[in-house]
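J.: The structure that follows is given in the form of structure tokens.
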Amino acid sequence: MAAATIPVPTETKSPAPVLMELAVDRGQFLAEVQAATRVTEGKSTIPILTHLLLRTTNNGALSVTGSDLQRTITTECPAAVKSQGAAAVPAQKLLTYLKLLPNGQVNLKLLGNDRLQITAANSRTKIPGMKPESYPAIPVASGVLIRLSARALRTVIRQSLFAVATSQDKYLLNAGLLLLRSDRMGMVATDGRRLSMVEVHDEALAGEELRKVLLPRECMSDLLALFSWSKEETIEFREDETCLYFQLGPRKLSVRKLTDQFPNYEAILPRDNTNSVVLASSDLLASVQRVLQFADERSNAVKLHLADNLLTLSASMANHGESQDSLPLSYNSTPVTIGFNGAFLIEFIKTIGAEGELRLSLKDSASAAVITPEAFNPEYQQRYVVMPMRV
């Protein structure tokens with residue numbers, strides 16, 4: 001008779017602990033991930049900056065945060081939270097995957113080893129992440145609350161961004177100067193060769209003393225993106241010694257302040273440009289575009305000659321030919337010949353729109369020109385100053 005054997009219990013694995021579990025709508029979640037991802041870095045010497053921080057909140061929502069240390073965006077989307085928690089997930093990987101999922105409910109579970117499990121329809125995916133505790137501290141808004149018109153701020157940024165410096169020259173600022181004063185909001189932008197000034201009426205600022213705020217170029221782009229995703233009429237603004245804070249609905253943007261000083265723009269504004277002409281914006285745009293095809297590719301130099309009721313535009317480049325355009329207009333004052341960067345003229349006309357007319361005011365061939373829309377625009381008023389070039 002065979003000896004009885006003692007059964008050996010088999011080892012069973014305990015299920016991985018669920019550290020966070022919730023369900024969200026794919027469309028709403030995707031929108032907030034897109035908003036937060038724009039400030040994350042695709043490649044960074046600090047790996048956590050390529051990740052988004054996902055956190056459940058006590059009010060039944062999922063908070064989504066992205067940061068590059070200079071800018072931070074935090075937003076929320078509704079969620080059915082089963083288990084509270086936090087996760088740090090690769091931003092681009094999550095964004096790309098969400099775009100490929102069908103509409104409907106998305107279930108999120110944070111498993112062991114900082115892996116986020118995503119289940120939607122017939123798909124189940126696990127994305128490795130990092131420890132959420134290593135995510136940078138999120139700035140907390142402080143300072144006096146100022147409510148701004150979202151329409152007004154969107155307008156001054158939209159009309160100014162083209163003129164903000166993009167080079168890293170230490171003498172220039174990659175920023176626009178936001179001006180807040182009683183009943184008005186304005187912005188000045190310059191790259192050292194041109195300057196744009198925009199002003200919008202804003203009743204929300206009634207009684208506000210003059211306040212000057214430097215908005216970094218990236219901050220201006222971030223705000224335009226937030227405006228494009230929102231129908232909110234008011235944006236909340238605060239500032240303290242180190243940061244600027246904006247809140248538009250559930251989305252919060254914090255930006256580290258620049259410490260440099262904006263150029264003294266008032267000192268360079270032309271005040272005696274007595275030679276002026278009015279011409280159709282579309283005509284000037286078309287003429288500059290044509291002659292610019294034959295301008296030097298480095299300088300984009302276009303020559304304007306104003307005399308005897310005629311504006312003549314011309315450009316030439318060795319081995320590439322030359323071009324000339326003439327526009328009839330009303331002008332019988334002193335003849336003026338001046339050169340401009342043709343691309344600067346095109347950018348401004350496209351910014352204000354090619355409909356209607358504009359006024360070109362000059363002093364002489366060595367002084368800056370001023371260009372303004374001729375008709376009153378109830379939405380905004382804008383002046384454009386362009387430095388001359390040798391031609």
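The values are calculated or read from the model by the stated rules, or taken from the named source; none is laboratory data. This structure is a prediction, so every number in the text was calculated from the model and none was measured. Heads up, the Cβs are rebuilt from the backbone with ideal geometry, glycines too, and the neighbour counts pull from every protein chain shown.
J.: Given the criteria surrounded by 19 or more Cβ atoms within 10 Å (Cβ to Cβ) and modelled with pLDDT of 95 or more, does Leu345 qualify?
T.: Yes, satisfied.
J.: Now for a different question. Could you tell me which residue of region 160-187 is modelled with the lowest pLDDT, considering only residues that are assigned to a loop (DSSP other than H, G, I, E, B) and touching a strand residue (DSSP E or B) at 6+ places or on another chain (Cβ under 9 Å)?
T.: Leu172
J.: Being aliphatic (A, V, I, L, M) and touching a helix residue (DSSP H, G or I) at 6+ places or on another chain (Cβ under 7 Å): is that true of Leu284 here?
T.: Here the answer is yes, as Leu284 does meet what is asked.
J.: A further question on this structure: Filter region 163-204 for residues that are surrounded by fewer than 20 Cβ atoms within 10 Å (Cβ to Cβ) and of a type in the set (Lys, Arg) and give the result.
T.: If the condition is that a residue be surrounded by fewer than 20 Cβ atoms within 10 Å (Cβ to Cβ) and of a type in the set (Lys, Arg), then Lys170, Arg181, Arg184, Arg193 are the ones that fit.
J.: Does Asp191 qualify as being among the acidic types (Asp, Glu) and touching a helix residue (DSSP H, G or I) at 6+ places or on another chain (Cβ under 7 Å)?
T.: Against the criterion (among the acidic types (Asp, Glu) and touching a helix residue (DSSP H, G or I) at 6+ places or on another chain (Cβ under 7 Å)), Asp191 qualifies.
J.: Look through Pro90, Pro9 and report the one residue that is at pLDDT 95 or above and more than 23 Å from Pro216 (Cβ to Cβ).
T.: Pro90
J.: Filtering region 113-162 down to residues that are more than 23 Å from Thr242 (Cβ to Cβ), assigned by TED's automatic domain parsing to the domain that holds Met185 and β-branched (Val, Ile, Thr), which residue is surrounded by the fewest Cβ atoms within 10 Å (Cβ to Cβ)?
T.: Checking each candidate, the answer is Thr155.
J.: Is it true that some residue in region 36-43 is part of a helix (DSSP H, G or I) and either within 24 Å of Glu218 (Cα to Cα) or at pLDDT 95 or above (or both)?
T.: yes
J.: Sort out which residues of region 214-228 are surrounded by fewer than 16 Cβ atoms within 10 Å (Cβ to Cβ) and not polar (S, T, N, Q), and write them in order of number.
T.: Leu224
J.: Quick one: Gln381 ticks every box in (1) buried (at least 16 other Cβ atoms within 10 Å of the Cβ); (2) among the polar types (S, T, N, Q); (3) free of Cβ contacts under 8 Å to residues at least 40 places away in the same chain except a single one, so which number is it?
T.: Of the numbered conditions (1) buried (at least 16 other Cβ atoms within 10 Å of the Cβ); (2) among the polar types (S, T, N, Q); (3) free of Cβ contacts under 8 Å to residues at least 40 places away in the same chain, the odd one out for Gln381 is (3).
J.: Determine, yes or no, whether Tyr265 is within 30 Å of Thr337 (Cα to Cα), hydroxyl-bearing (Ser, Thr, Tyr) and touching a residue at least 12 places away in the same chain (Cβ under 8 Å).
T.: Yes: the conditions hold for Tyr265.
J.: Quick check on my filter: what residues within region 286-336 are in contact (Cβ under 8 Å) with a residue 24 or more places away in the chain, touching a Phe, Trp or Tyr at 6+ places or on another chain (Cβ under 9 Å) and either surrounded by fewer than 15 Cβ atoms within 10 Å (Cβ to Cβ) or in a loop (DSSP other than H, G, I, E, B) (or both)?
T.: Asn300, Ala307, Asp308, His320, Gly321, Glu322
J.: A further question on this structure: In region 241-285, what residues are more than 27 Å from the chain's Cα centre (by Cα), polar (S, T, N, Q) and part of a loop (DSSP other than H, G, I, E, B)?
T.: Result: Asn273, Thr274.
J.: Considering only strands (runs of 3 or more DSSP E) fully contained in region 86-149, which possess at least 1 residues that are over 23 Å from the mean Cα position of the chain (by Cα) and without any contact (Cβ under 8 Å) to a residue 40 or more places away in the chain?
T.: Answer list for region 86-149: 115-120, 123-128.
J.: Filter region 299-322 down to residues that are of a type in the set (Gly, Ala, Ser) and touching a strand residue (DSSP E or B) at 6+ places or on another chain (Cβ under 6 Å), then give me how many there are.
T.: 4
J.: Can we say Val336 is out of contact with any helix residue (DSSP H, G or I) (no Cβ under 9 Å at 6 or more places or on another chain), outside the structural domain of Met185 (by TED's automatic domain parsing) and β-branched (Val, Ile, Thr)?
T.: yes
J.: Test Ser287 against the criterion of being of a type in the set (S, T, N, Q) and closer than 28 Å to Gly356 by Cα, and give yes or no.
T.: Judged against the criteria, Ser287 is a match.
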